[in-house]
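Novice: Input: one structure, supplied below.
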Amino acid sequence: MRIEEKERGLLSGLRVLDLADEKAGFCSKLLADMGARVIKIEKPGGDPSRNIGPFSEGSLKSKTSLSFFYNNTNKLGITLDIEQREGKSLFLRLVKETDVIVETFPPGYLEQIDLDFKVLKKTNPEIILVSVTGFGQTGPRRDDKSCDLVASAYGGQMYVSGSPSRPPLKAFGEQSCFAASLFAATGVLLALRKRAKTGEGKHIDISLQESVTATLEHVMVRYFSERVLPRRQGSLHWNDVFTVLPCKDGFIHLTLFQQWETLIEWMDSEGMAEDLKDEKWLNEDYRQANVAHVIKILSRWTKTHQVNELFEQGQLMRFPWAPVQSPGEVLRSPQLKERNFFVDLNHPEMGSVLKCPGVPYRFSRGLIPKKKSAPSTGADNEMIYKNELGISEEELSRLISKHII
């Protein structure tokens, strides 16, 4: 029995089983945000990712992981031990009515418990299995442990991040996992399109390392074409076009050479252009070769202004400048407020309302379902097992007592 969605979305009707940890929880969240019916499956007692911070201040960590809360909005939640025989049987019953499975187990694990793609395909020939791991399903590193930090380092991202005078830095947050999740969600949409033509499912193999390396844009391109190994440049853009400079009350991201004469005229009107008025600086190659001096003079000037003052004036002059905003400033952004980007969600275990980012896309008609909170452990057990699989109350109690559910 299939329960229809009350609120239609772009992926309404798509059924997803989520067996993923933090490496791909964002993938299934993206699908859920677009209207897919996603069921988060946890082992009895709860998923370990519920213990990953950050946590809400003054609350029990095991129940109020804000990371888990964010990555599992719009999902249903059940508990199931797929390693036990009866648990595996229940899982395969769910697979029969499923389109996509997202998992992050070590390579070979599903084969060990007789739930690999070959088995799943026999149960449902149209199933799409997405496997997100540190290094992929093949290769000499496939069995190595990984995480966001490892992927950032081993994928080449960390080497080019940070100041040239300091050790490499990792990008803030779980960027490796988010990149892998985005590629995984894209892979799902492509596999669905292919399935519509062939009627066959696919196994999608996503590597955190490859996902990171694929996002290095100019780094790999320059290495392949010019054999140039980019170096760390702090806040200075790789081609010296943009940088971040200090102001009275914060920092601003600005262009160094665009509309040069207009910029120097502005600085000179305040008596702060110094030697940048000299004719030699009109030569773009000369400016590029002496970018450190340009930054030094510009920094002295920006420190005499407030961030928004430079931003607003720069916008009037069509300079692509922007304030470097703190999370609090982003939350208060009039632009995001006008577009209703942030949404309020009830946190049932905390008894409070949390503000969360919404979806970063808009459509001409309302095709995005309203957000709902991440499920508590086993929140939808009765609905899924009793209403959809037809399991009796007595049988459900027995399965719970045996820690299968």
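Residue-wise test of (1) surrounded by 18 or more Cβ atoms within 10 Å (Cβ to Cβ); (2) of a type outside the set (A, V, I, L, M, F, W, C).
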site	(1), (2)
Thr213	no, yes
Glu217	no, yes
Val228	no, no
Leu236	yes, no
Gln259	no, yes
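Novice: Can you find, within segment 284-324, the residue that is nearest to the chain's Cα centre (by Cα) among those that are over 18 Å from Glu265 (Cα atoms) and without any contact (Cβ under 8 Å) to a residue 12 or more places away in the chain?
Specialist: Result: Ala292.
Conditions (1) without any contact (Cβ under 8 Å) to a residue 12 or more places away in the chain; (2) farther than 26 Å from Pro360 by Cβ; (3) in the same structural domain as Pro54 (by TED's automatic domain parsing), marked per residue:
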{"position": "Gln137", "(1), (2), (3)": "no, yes, yes"}
{"position": "Pro167", "(1), (2), (3)": "yes, yes, yes"}
{"position": "Cys177", "(1), (2), (3)": "no, no, yes"}
{"position": "Ala180", "(1), (2), (3)": "no, no, yes"}
{"position": "Thr186", "(1), (2), (3)": "yes, no, yes"}
{"position": "Arg195", "(1), (2), (3)": "no, yes, yes"}
{"position": "Lys202", "(1), (2), (3)": "no, yes, yes"}
{"position": "Glu210", "(1), (2), (3)": "no, no, yes"}
{"position": "Pro230", "(1), (2), (3)": "no, yes, no"}
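Novice: Shifting gears a bit: Within segment 56-74, does at least one residue satisfy the condition of being in the same structural domain as Leu189 (by TED's automatic domain parsing), of a type in the set (S, T, N, Q), within 23 Å of Asp144 (Cβ to Cβ) and at pLDDT 95 or above? Working first, answer last.
Specialist: Initially, segment 56-74 is screened for residues in the same structural domain as Leu189 (by TED's automatic domain parsing), giving 56-74.
Retained after the next criterion (residues that are of a type in the set (S, T, N, Q)): 56, 59, 62, 64-65, 67, 71-74.
Those left that are additionally within 23 Å of Asp144 (Cβ to Cβ): none.
The answer is no; no qualifying residue exists.
Novice: Here's a follow-up. Do the conditions hold for Tyr385, that is, is it hydroxyl-bearing (Ser, Thr, Tyr), in the same structural domain as Thr79 (by TED's automatic domain parsing) and under 25 Å from the mean Cα position of the chain (by Cα)?
Specialist: Details: hydroxyl-bearing (Ser, Thr, Tyr): yes; in the same structural domain as Thr79 (by TED's automatic domain parsing): yes; under 25 Å from the mean Cα position of the chain (by Cα): no.
Against the criterion (hydroxyl-bearing (Ser, Thr, Tyr), in the same structural domain as Thr79 (by TED's automatic domain parsing) and under 25 Å from the mean Cα position of the chain (by Cα)), Tyr385 does not qualify.
Novice: For segment 337-389, how many residues are in a helix (DSSP H, G or I) and either touching a helix residue (DSSP H, G or I) at 6+ places or on another chain (Cβ under 7 Å) or not hydrophobic (A, V, I, L, M, F, W, C) (or both)?
Specialist: Of the residues in segment 337-389, the ones in a helix (DSSP H, G or I) are 337-338, 381-388.
Narrowing further to those that are either touching a helix residue (DSSP H, G or I) at 6+ places or on another chain (Cβ under 7 Å) or not hydrophobic (A, V, I, L, M, F, W, C) (or both): 337-338, 381-382, 385-388.
Counting residues in segment 337-389 that are in a helix (DSSP H, G or I) and either touching a helix residue (DSSP H, G or I) at 6+ places or on another chain (Cβ under 7 Å) or not hydrophobic (A, V, I, L, M, F, W, C) (or both) gives 8.
Novice: Given the conditions (1) outside any loop (DSSP other than H, G, I, E, B); (2) in contact with a Pro (Cβ under 9 Å, 6 or more places away or on another chain), which single one is not true for Leu276?
Specialist: (2)
Novice: On to the next question. Condition first: loosely packed, with under 13 Cβ neighbours inside 10 Å and either at pLDDT 95 or above or more than 22 Å from Ser56 (Cβ to Cβ) (or both). Now tell me which residues in segment 333-353 satisfy that.
Specialist: Pro334, Gln335, Lys337, Glu338, Arg339, Asn340
Novice: Just need a number here: residues in segment 87-112 that are surrounded by fewer than 17 Cβ atoms within 10 Å (Cβ to Cβ), touching a Lys or Arg at 6+ places or on another chain (Cβ under 9 Å) and either in contact (Cβ under 8 Å) with a residue 24 or more places away in the chain or in a loop (DSSP other than H, G, I, E, B) (or both).
Specialist: Counting residues in segment 87-112 that are surrounded by fewer than 17 Cβ atoms within 10 Å (Cβ to Cβ), touching a Lys or Arg at 6+ places or on another chain (Cβ under 9 Å) and either in contact (Cβ under 8 Å) with a residue 24 or more places away in the chain or in a loop (DSSP other than H, G, I, E, B) (or both) gives 3.
Novice: Going by what's in this entry, would Ala191 be described as farther than 30 Å from Val291 by Cα, at pLDDT 95 or above and in contact with a helix residue (DSSP H, G or I) (Cβ under 8 Å, 6 or more places away or on another chain)?
Specialist: No: the conditions fail for Ala191.
Novice: Please specify each residue of segment 127-168 satisfying the condition of being of a type in the set (A, V, I, L, M) and closer than 28 Å to Ala191 by Cα. Can you show your working first?
Specialist: Filtering segment 127-168 down to residues of a type in the set (A, V, I, L, M) leaves 127-130, 132, 149-151, 153, 158, 160.
Passing the criteria: Ile127, Ile128, Leu129, Val130, Val132, Ala151.
Novice: Follow-up. Return a yes/no flag: does segment 200-220 have any residue that is part of a helix (DSSP H, G or I) and either closer than 28 Å to Asn290 by Cβ or in contact with a Pro (Cβ under 9 Å, 6 or more places away or on another chain) (or both).
Specialist: Kept after step one, since they are part of a helix (DSSP H, G or I), are these residues of segment 200-220: 208-213, 218-220.
Restricting the remaining residues to those that are either closer than 28 Å to Asn290 by Cβ or in contact with a Pro (Cβ under 9 Å, 6 or more places away or on another chain) (or both) gives 218-219.
The answer is yes; a qualifying residue exists.
Novice: Restricting the search to segment 189-231, which residues are closer than 25 Å to Lys118 by Cβ and of a type in the set (Gly, Ala, Ser)?
Specialist: Here is the first cut: in segment 189-231, the ones closer than 25 Å to Lys118 by Cβ are 189-208, 210.
Within segment 189-231, Ala191, Ala196, Gly199, Gly201, Ser207 qualify.
Novice: Tally time: how many residues in segment 229-244 are outside any loop (DSSP other than H, G, I, E, B) and in contact with a helix residue (DSSP H, G or I) (Cβ under 8 Å, 6 or more places away or on another chain)? So that I can check it myself, show each step before the final result.
Specialist: Filtering segment 229-244 down to residues outside any loop (DSSP other than H, G, I, E, B) leaves 242-244.
After this cut, where a residue has to be in contact with a helix residue (DSSP H, G or I) (Cβ under 8 Å, 6 or more places away or on another chain) as well, the list is 243.
Qualifying residue count, segment 229-244: 1.
The values are calculated or read from the model by the stated rules, or taken from the named source; none is laboratory data. Just so it is clear, the model here is predicted, and its values are computed rather than measured. Reconstructed Cβ throughout: ideal geometry from the backbone, glycine too, with neighbour counts over all protein chains shown.
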